[in-house]
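Contents: one structure, followed by commentary.
The values are calculated or read from the model by the stated rules, or taken from the named source; none is laboratory data. These numbers were taken from a predicted model, which means no experiment stands behind them. Here Cβ is always computed from backbone atoms with ideal geometry, including for glycine, and neighbour counts include all displayed protein chains. SASA here: full protein model, heavy atoms, side chains in, ligands and nucleic acids out. Shrake-Rupley method; radii C 1.70, N 1.55, O 1.52, S 1.80 Å.
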Amino acid sequence: MASQDNRFVRTYTQGGSFSTRVEIWVDKHTGVNYIWQVNGYAGGLTPLLNRDGTPVVTPVSNRYGE
């Protein structure tokens, strides 16, 4: 079984546990931001995009202790 390396960090949460919830997760290795939305038993994950269609990237050098 693979060990947990905590590659992703949640940087934003909106909503509650009984309603639609939106979260933003950052990949600590690449800096790519992902948006996760869940509503009841359904959910979806996709890269968060800039206006020009490129992925939102957070600089990761030393920001998350890498």
Residue under question is residue 52, and the condition is that it be at pLDDT 95 or above and exposed (fewer than 12 other Cβ atoms within 10 Å of the Cβ); does it hold?
yes
Of all residues in segment 35-65, which are part of a strand (DSSP E or B) and touching a residue at least 24 places away in the same chain (Cβ under 8 Å)?
57
Out of the residues in segment 14-47 meeting the condition of being within 11 Å of residue 58 (Cβ to Cβ) and polar (S, T, N, Q), tell me which one is most open to solvent (accessible area, probe 1.4 Å).
30
Given (1) open to solvent by 60 Å² or more (accessible area, probe 1.4 Å); (2) modelled with pLDDT of 95 or more; (3) not hydrophobic (A, V, I, L, M, F, W, C), residue 7 misses just (2)
